[in-house]
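The values are calculated or read from the model by the stated rules, or taken from the named source; none is laboratory data. What you are looking at is a predicted structure, and each value in this text was computed from that prediction instead of being measured. Glycine gets a Cβ as well: all are built from the backbone with ideal geometry, and neighbour counts include every protein chain shown. All accessible areas refer to the heavy atoms of the entire protein, side chains included, with ligands and DNA or RNA removed. Shrake-Rupley method; radii C 1.70, N 1.55, O 1.52, S 1.80 Å.
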Amino acid sequence: MALLPVLASTSARLPRSAQPVHDTEASRSIEAIALRAQTAAGTLMARAGLAVARLALALAPNEGTFWILCGPGNNGGDGLVAARHLHQQGRAVKVILAGVAERLPPDARQALEAARAAEVPFTEEPPLSSEAPRLVIDALLGLGQTRPLEGRLAELARWCNSQPAPVLSVDLPSGMNGDTGQATGEAVVQATATLSLLTLKPGLFTGRGRDLAGALWWDDLGIHPNDRHSPATAWITGEEDARSLWPLRRHGQHKGSFGDLWVLAGARGMTGAALLAGRAGLTGGAGRVYVSLLDAAPPLDCDPVHPELMFRRASDWQAPGVLEAATLVCGCGGGDAVRQVLPEALTRARRLVLDADGLNAVAADPGWKETLRARADRGLATVLTPHPLEAARLAGCSSADIQSDRITHALALARQLRAVVLLKGSGTVVATPSGACWINPTGHGGLACPGSGDILAGWLGAAWSAQPAADDEVGLAARVAAASAWLHGRAATQVLPEPRGPVLAETLIAAMARALSREA
């Protein structure tokens, strides 16, 4: 049992290896197994409360009063145990119990009795605005939140957000759905830090979860579940897993060892998208990168910044055997012109990364959706890289629907279109048709800028191009997608650790190259 930092503003706190996350159902199953195995009633809650108290002291070393808000369930019980530990160590403590004592679950009621026996101070109202707490512990609601906070719980959540002290949420910020990362209603706690207990929940990593949870910590409470009984809902991409996709190059390798990447992109007025994808492809590891602009009268045939990019006309990639042996990135800044090249891209490309207007074109044509699905029957792997609005067009719903449950929608799209889906956004989700899922822990809002997606598509294509053929091409494509998203986000945090503006595309490619170094 140990407190582990999982996500914070510093790169040192990123998970080194892949970590499993469990949704509400799986977490409940693990909890039930742990409760049956505990040697005495309340053992698990005792561990949880002690972990909360330890982290609270670490987060708020200064003087003042700890205010602990305890809800009507076992989450409140964890807070009561923490309050007793803090009080017994001589710390100033005030507890608000937002529940009826007689209706508490057995372990929480036991924790309440122990707190009262230890003479922990209870009160009914939070302090006046002139009496700033040392730290607030939000133990109102934990796992399984689906309904909006109402009444007393909503009042206390709003007070949490209005006072100046740091807020430590127990397991989940109250008012946040642990499966989706979205608020259950208008009232939701904005935590400074969250201590996830027993399991990591997917909502802490995607949707609004990253913003609501603050710095994320985890304590497994000494429980190591058997994956056969509680399989992971998804995996958090780890640093070592991501970096393994770019091993050190051997002396005997040559540019032909790393494959050919073709970029069909850049309609009139959007040449920049093609250049960014191509430049990212060069830096991302492809042996040769060819760019074919989707413009009847291409404005250039050379990139003065990266003259090693090779520009080609449509007749070059249309030649027999070219796309069949290559990795293709199609759609970046494609406009309506992408519709002219999409049939061949879908039917011929050995490995296909479909982005931006390529996705929009497929979304608008049921026939092309069927052609996309047919690629899987022919053993051809595809990675789709939609942002939420593009995903909504593909799924026939609204972007708000996609954002309401990003993991579920990414998995549904992957099954429907029989392709790997990289759903961009806060906590990028990579989903496969078989149901495997990764969530990216890196990056921040500075990536919300023009060109960022073009770079990710080009880099992903290059990383895939450099991989030898695999028996499981879909699995390889998913690993490459997850690793590329990890590096993309890692680079952004190196460029702007605390973003107050965008990470401009011109700096991002070089930052991704630097991020490949462990010392960067």
### Query
What are the pairs, 6+ residues apart or on separate chains, where a residue within segment 306-328 that is free of Cβ contacts under 8 Å to residues at least 60 places away in the same chain and closer than 13 Å to residue 263 by Cβ has its Cβ under 7 Å from a residue that is open to solvent by 50 Å² or more (accessible area, probe 1.4 Å) and in a loop (DSSP other than H, G, I, E, B)?
311/301; 311/302
### Summary
Subset of segment 335-359, residues within 20 Å of residue 466 (Cβ to Cβ) and among the basic types (Lys, Arg), comes to 350, 351
### Query
If the Cβ limit is 7 Å and pairs must be 6+ apart or interchain, which residue in segment 122-148 that is open to solvent by less than 30 Å² (accessible area, probe 1.4 Å) pairs with which residue that is among the charged types (D, E, K, R)?
134/63; 139/78; 142/171
### Task
Of the numbered conditions (1) part of a helix (DSSP H, G or I); (2) crowded, with 21+ Cβ neighbours inside 10 Å; (3) free of Cβ contacts under 8 Å to residues at least 40 places away in the same chain; (4) touching a strand residue (DSSP E or B) at 6+ places or on another chain (Cβ under 8 Å), residue 345 fails exactly one; give the number of that condition.
(3)
### segment 27-46 residues that are at pLDDT below 85, paired with ones that are open to solvent by 40 Å² or more (accessible area, probe 1.4 Å) (beta carbon under 8 Å, 6 or more apart)
41/106; 41/110
### Summary
Residues of segment 221-234 being buried (at least 20 other Cβ atoms within 10 Å of the Cβ) and either within 22 Å of the chain's Cα centre (by Cα) or at pLDDT 95 or above (or both), in sequence order, are 230, 232, 233, 234
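Have a look at 128, 141 and point out the one that is closer than 17 Å to residue 65 by Cβ and not acidic (Asp, Glu).
Details: 141 fails: closer than 17 Å to residue 65 by Cβ.
The unique qualifying residue is 128.
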### Summary
Filtering segment 394-418 down to residues that are open to solvent by less than 50 Å² (accessible area, probe 1.4 Å), within 20 Å of the chain's Cα centre (by Cα) and of a type in the set (A, V, I, L, M) yields 402, 407, 410, 411, 412, 413, 414
### Within segment 60-74, considering residues that are of a type outside the set (S, T, N, Q), more than 16 Å from residue 120 (Cα to Cα) and surrounded by fewer than 18 Cβ atoms within 10 Å (Cβ to Cβ), the one modelled with the lowest pLDDT
61
### Query
Does residue 15 qualify as being open to solvent by 20 Å² or more (accessible area, probe 1.4 Å), outside any helix (DSSP H, G or I) and more than 21 Å from residue 110 (Cβ to Cβ)?
no
### Message
Within segment 90-121, take every residue that is closer than 23 Å to residue 149 by Cβ and in a loop (DSSP other than H, G, I, E, B) and give me the one that is most open to solvent (accessible area, probe 1.4 Å).
### Response
100
### Query
What do you reckon, is residue 247 open to solvent by 60 Å² or more (accessible area, probe 1.4 Å), at pLDDT 95 or above and either of a type in the set (Lys, Arg) or out of contact with any Ser or Thr (no Cβ under 7 Å at 6 or more places or on another chain) (or both)?
no
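On the basis of being open to solvent by less than 10 Å² (accessible area, probe 1.4 Å) and on the phi > 0 side of the Ramachandran plot, does residue 151 make the cut? Let's see the steps before the verdict.
On the way: open to solvent by less than 10 Å² (accessible area, probe 1.4 Å): no; on the phi > 0 side of the Ramachandran plot: yes.
So residue 151 fails the test.
Which count do you get for residues in segment 250-266 that are open to solvent by less than 10 Å² (accessible area, probe 1.4 Å) and part of a loop (DSSP other than H, G, I, E, B)?
Our first condition is that a residue be open to solvent by less than 10 Å² (accessible area, probe 1.4 Å); within segment 250-266, this holds for 261, 263-266.
Those still in the list that are part of a loop (DSSP other than H, G, I, E, B) too: 266.
Residues that pass the stated criteria total 1.
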### Query
So how many residues does segment 466-499 have that are of a type in the set (A, V, I, L, M, F, W, C), over 23 Å from residue 435 (Cα atoms) and free of Cβ contacts under 8 Å to residues at least 40 places away in the same chain?
1
### Qualifying residue in segment 187-204 (condition: surrounded by fewer than 24 Cβ atoms within 10 Å (Cβ to Cβ), at pLDDT 95 or above and among the β-branched types (Val, Ile, Thr))
yes
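Within segment 158-186, which residues are open to solvent by 20 Å² or more (accessible area, probe 1.4 Å) and small (Gly, Ala, Ser)? Spell out how you get there, then give the answer.
Initial filter on segment 158-186 (open to solvent by 20 Å² or more (accessible area, probe 1.4 Å)): 158-159, 161-164, 166, 177, 179, 182-186.
Residues satisfying the conditions are 162, 183, 185.
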### Task
Determine which single condition residue 211 fails, assuming it passes every other condition in (1) of a type in the set (D, E, K, R); (2) open to solvent by 30 Å² or more (accessible area, probe 1.4 Å); (3) over 30 Å from residue 186 (Cα atoms).
(3)
### Summary
Filtering segment 373-390 down to residues that are open to solvent by less than 30 Å² (accessible area, probe 1.4 Å) and either within 17 Å of the chain's Cα centre (by Cα) or touching a residue at least 40 places away in the same chain (Cβ under 8 Å) (or both) yields 375, 381, 382, 383, 384, 385, 386, 388
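So which residues in segment 348-367 are open to solvent by less than 10 Å² (accessible area, probe 1.4 Å) and in a loop (DSSP other than H, G, I, E, B), if there are any at all?
Within segment 348-367, 349, 355 meet the criteria.
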### Selected residue (only one of 266, 284, 256, 278 is of a type outside the set (A, V, I, L, M) and more than 33 Å from the chain's Cα centre (by Cα))
256
### Message
Every residue in segment 270-322 that is open to solvent by 10 Å² or more (accessible area, probe 1.4 Å), part of a loop (DSSP other than H, G, I, E, B), under 30 Å from residue 248 (Cα atoms) and charged (D, E, K, R), please.
### Response
308
